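Asks: The structure is given below, and queries will be raised subsequently.
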Amino acid sequence: MTEEKQYPFKPLNFSRLSPEEQLENSQNFLTTLQKRRTVRQFSTDPVAFELIQNAIRAAGTAPSGANLQPWTFVVVEDGEIKRQIRQAAEEEEKEFYASKITPEWREALAPLGTDWIKTHLEDAPYLIVVFEQTYRVEETRTARRML
Ligand SMILES: Cc1cc2nc3c(=O)[nH]c(=O)nc-3n(C[C@H](O)[C@H](O)[C@H](O)COP(=O)(O)O)c2cc1C
């Protein structure tokens with residue numbers, strides 16, 4: 001039998017909002033989301049690392065099955081590693097655009113004017129690489145006792 005996992009539960013503290021407050025909050029949230037855009041060009045200007053930390057903290061609030069949070073975020077600042085990531089992405093994308101793409105997908109992408117060139121992967125001061133955890137190794141009882 002597997003041991004039950006223990007972690008602290010936080011009580012959900014909320015107060016019921018008036019209909020006016022609900023409307024205002026929903027409008028503000030919608031306005032914020034409407035400002036989100038996919039960006040394919042980035043400035044090379046430095047960015048405060050805390051902004052990156054907060055972006056990852058925000059992403060980490062996403063719900064997940066059984067709260068397993070099956071993700072790993074890796075922040076890349078090193079220019080050489082960014083270059084290698086760009087190179088790998090461009091090789092993949094070049095092959096995709098040359099031979100793997102379906103006519104329907106090509107047509108859907110056409111208005112966006114995107115191609116296989118990924119300059120932004122080197123321009124951005126930081127890359128956040130997201131890995132899916134498809135499996136995990138459980139701690140053994142012996143290992144846990146050692147901690
Ligand atoms: C699953 C997924 C795959 C995407 N693939 C690409 C892509 O290969 N190339 C690209 O330039 N944008 C890609 N995008 C961005 C979409 O083109 C973009 O979200 C869409 O055009 C709407 O624009 P917006 O995000 O600025 O609202 C992708 C978005 C998602 C969610």
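Asks: Select from 76, 26, 96 the residue farthest towards the positive end of the dipole of the chain; place +1 on Cβ of Lys and Arg, -1 on Cβ of Asp and Glu, and compute about the Cα centre.
Replies: Going by the Cα projections, it comes out as 26.
Asks: Give, rounded to the nearest 20 debye, the magnitude of the charge dipole that the chain has about its Cα centre when Lys and Arg contribute +1 at Cβ and Asp and Glu contribute -1 at Cβ.
Replies: 440
Asks: Still on this structure, I have one more. Test of understanding: express the Cα radius of gyration of the range 61-147 as a ratio to 2.2 N^0.38 Å, with N the residue count.
Replies: Normalised Rg, Cα atoms only: 1.58.
Asks: Report, as a whole number in µm² per second, the diffusion coefficient that Stokes-Einstein gives for the chain at 4 °C and 1.567 mPa s using the Kirkwood radius over alpha carbon pairs.
Replies: 64
Asks: Run the helix sum for the chain: -39,500 (n - 2.57) per DSSP H stretch of 4+ residues, divided by residue count, reported at 222 nm to the nearest 500 deg cm²/dmol.
Replies: It comes out at -12000 deg cm²/dmol, rounded to the nearest 500.
Asks: Give the long-range amide H neighbours of residue 71: residues separated by 5 or more places, or on another chain, with amide H under 5 Å away, using H modelled in the peptide plane at 1.01 Å from N.
Replies: 133
Asks: Got a sec to turn the phi values of the range 19-30 into Karplus ³J(HN,Hα) couplings, 6.51 cos²θ - 1.76 cosθ + 1.60 with θ = phi - 60°, whole Hz, x for Gly and Pro?
Replies: Those phi angles translate into x, 5, 5, 4, 5, 5, 4, 5, 5, 5, 5, 4 Hz.
Asks: Oh, and also: Order the following by accessible area, largest value first: 95, 77. Probe radius 1.4 Å; ligands, DNA and RNA are ignored.
Replies: Of 95, 77, the descending order of accessible area is 77, 95.
Asks: Defining a contact as two alpha carbons under 8 Å apart and six or more residues distant in sequence, what relative contact order in percent does the chain show?
Replies: Computed over the chain, the figure is 34 percent.
Asks: Hey, which lysines would be in cross-link range of residue 35, C-alpha to C-alpha under 28 Å, not counting anything within fewer than 8 residues on its own chain?
Replies: By straight Cα distance, residue 35 reaches 82, 118.
Asks: I would also like to ask the following. Go ahead and set up a Gaussian network model of the chain, Cα springs under 10 Å, then flag whichever of 124, 88, 58 fluctuates most.
Replies: 58
Asks: Show the residues, 5+ positions off or on another chain, whose built amide H is closer than 5 Å to the amide H of residue 118.
Replies: Long-range HN contacts for residue 118: none found.
Asks: Quick one: pull the percent of accessible area on the chain belonging to carbon and sulfur, 1.4 Å probe, ligands and nucleic acids left out.
Replies: 57
The values are calculated or read from the model by the stated rules, or taken from the named source; none is laboratory data. As the structure is a computational prediction, the values presented were derived from the model and not from experiment. A quick note on method: Cβ atoms are made from the backbone with ideal geometry, for glycine too, and the neighbour counts reach across all protein chains shown. In case anyone asks, the SASA skips ligands and DNA or RNA and just uses the protein heavy atoms, side chains included. Shrake-Rupley method; radii C 1.70, N 1.55, O 1.52, S 1.80 Å.
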